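Comments concern the structure below.
The values are calculated or read from the model by the stated rules, or taken from the named source; none is laboratory data. Worth saying up front: this structure is predicted, and the values here are computed from it rather than measured. Cβ placement follows ideal geometry from the backbone for every residue including glycine, while neighbour counts extend to all protein chains displayed.
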Amino acid sequence: MKTLLQTAAALLFVAGSSLGLTSAAQAETPSAQRVYVDQVGDRVYTVRVSNPTLQRGRVQLVRLSDNKLLYQGISSRPSFGRKLNVQELPDGQYAFVVKLGAETHRIDLNLQTASTERVAELHPVTASR
């Protein structure tokens, strides 16, 4: 019985160790999605960043016509983000830019007013290194 308990404990330790390594490896995979942009209301978006390696990261909102920086938040927490209300911005081309270490992610945002209704479109752009 004592041998059975020792074997079970050893198996649990090995299984737990391998799970920990798998999770860490997956978190550091460059192809893993790390930036999320969700529309949560009329011209209201949340930008979320997964940062398991605790790199210095930036979330920016940029007007593309003149590259003017409209918002910037900086963090090195494991996950961070911001809820951004763009209702007061005039129609035009904008981008959410997330810089995390050497990576830059850009998600284009096209704001348009259609007669009496305002329309916003998101266009993901691939990440660059």
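A few notes on this one:
- Tally of residues being surrounded by 14 or more Cβ atoms within 10 Å (Cβ to Cβ), of a type in the set (A, V, I, L, M) and within 14 Å of the chain's Cα centre (by Cα) across the stretch 49-82: 3
- Test: residue 112 is at pLDDT below 95, assigned to a loop (DSSP other than H, G, I, E, B) and in the same structural domain as residue 42 (by TED's automatic domain parsing): no
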